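These notes are about the structure you will find just below.
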Amino acid sequence: MNRRPAAFAFAPVLLFLAACAAAPVDMSEPRRVVGTESAVRVDAEIRTEVVNPGAPVPFTYAITNQREETIAIAEVLPETTYDAETQIITVNIGSEVPGEHLLPRLITIAPGEKKTFTSSARMAFVLQNTGNPRVRYPASLRIKVNFLGDTKPFAELLDIPQKAVADTKRADELFPVWLEQNEVVYTNAIPMRWAANDIPPPSPAPIPTRRGGRRP
C-alpha cells in the first residue's frame, strides 16, 4: 500500500522547526492567519507578501492546546500543495503517517500550553504551461497543522532526543493508529503576490529582412 499522497504541482518544501526559542507571533501583525478546531488554536505570522519561485517564505506559528489532554505534532518535513481551482498554497505542518522504516520524533503540547515555532517554506516548484494566459497562478497561502489528539499509543516517540527511530515493524503497527488519531487545523488564507508575474514577457523576435534592408 502506498502511504504517501499523490504528488501535486508543488514539490515538497523544506521546513526548519525551532521550537520554543522563537519570538512570539505578533498578534497585531496584519499578515497574521489564525485557525481553531476542536480546542486547538493556530496563530501564524507570514513574514513576506511575495511568493518567489525558489525563495523561502519565512513564518512563525504558535500552537495553543486548549484541551484537557496533551497533543503532539511530528517533527517532519512537510508537503506543500497547490490547488489551481482556488489558487491557494497549503503548507502542511506536523504529524504524518509513519514511513516504511522511520518513526519521527513527536513534540508534545500540554493542556493549556502554547508552543511557538519558526519555519521557512521554500517554493521549489514548476508551474506547467506558464505561457498560457489561462494558467491560474498562486494568489494566497494558508497553513494546515496536523496533530495527534491521543498521544498514548505513541509514548516511545514523545520528546525523544533523536529526530527519528528506525523500526520497520513498529512503523507498520502504528500506521492505522496514526491515521485514526490524526486531526487537523486550517488557518485562513492570506493573499500572496506571485513574483513571476513581475517578469516582463520576452520581446518579440525581429522581423527578418532581405538584402538591402527590405522586409519580405
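The values are calculated or read from the model by the stated rules, or taken from the named source; none is laboratory data. In this text the structure is predicted, and so the values were computed from the model without any measurement. We place every Cβ from the backbone using ideal geometry, glycine too, and count neighbours over all the protein chains shown.
Which one is nearest to the chain's Cα centre (by Cα), of the residues in the range 74-89 that are over 18 Å from residue 135 (Cα atoms) and part of a strand (DSSP E or B)?
80
Restrict the check to the range 65-73 and report whether at least one residue is modelled with pLDDT under 90 and in a strand (DSSP E or B).
The answer is no, given that none of the residues of the range 65-73 is modelled with pLDDT under 90 and in a strand (DSSP E or B).
Would you call residue 72 surrounded by 20 or more Cβ atoms within 10 Å (Cβ to Cβ) and either of a type in the set (A, V, I, L, M, F, W, C) or touching a helix residue (DSSP H, G or I) at 6+ places or on another chain (Cβ under 8 Å) (or both)? Give the steps one after another, and end with the answer.
Details: surrounded by 20 or more Cβ atoms within 10 Å (Cβ to Cβ): yes; either of a type in the set (A, V, I, L, M, F, W, C) or touching a helix residue (DSSP H, G or I) at 6+ places or on another chain (Cβ under 8 Å) (or both): yes.
Answer is yes for this residue.
Output the number of residues of the range 138-171 satisfying the condition of being closer than 18 Å to residue 77 by Cβ, surrounded by fewer than 16 Cβ atoms within 10 Å (Cβ to Cβ) and of a type in the set (Gly, Ala, Ser).
1
Wholly within the range 122-216, which strands (runs of 3 or more DSSP E) include no fewer than the required count, namely at least 2 residues that are modelled with pLDDT of 95 or more? Break it down into steps so the answer makes sense when it comes.
Numbers: elements: 140-148, 164-166, 182-186.
Per the criteria, 140-148, 182-186.
Name every residue in the range 106-123 that is closer than 22 Å to residue 162 by Cβ and either in contact (Cβ under 8 Å) with a residue 60 or more places away in the chain or buried (at least 20 other Cβ atoms within 10 Å of the Cβ) (or both), in order of residue number. Show your work before the answer.
First, pick out the residues of the range 106-123 that are closer than 22 Å to residue 162 by Cβ: 106-110, 115, 117-119.
If the condition is that a residue be closer than 22 Å to residue 162 by Cβ and either in contact (Cβ under 8 Å) with a residue 60 or more places away in the chain or buried (at least 20 other Cβ atoms within 10 Å of the Cβ) (or both), then 106, 107, 109, 115, 117, 118, 119 are the ones that fit.
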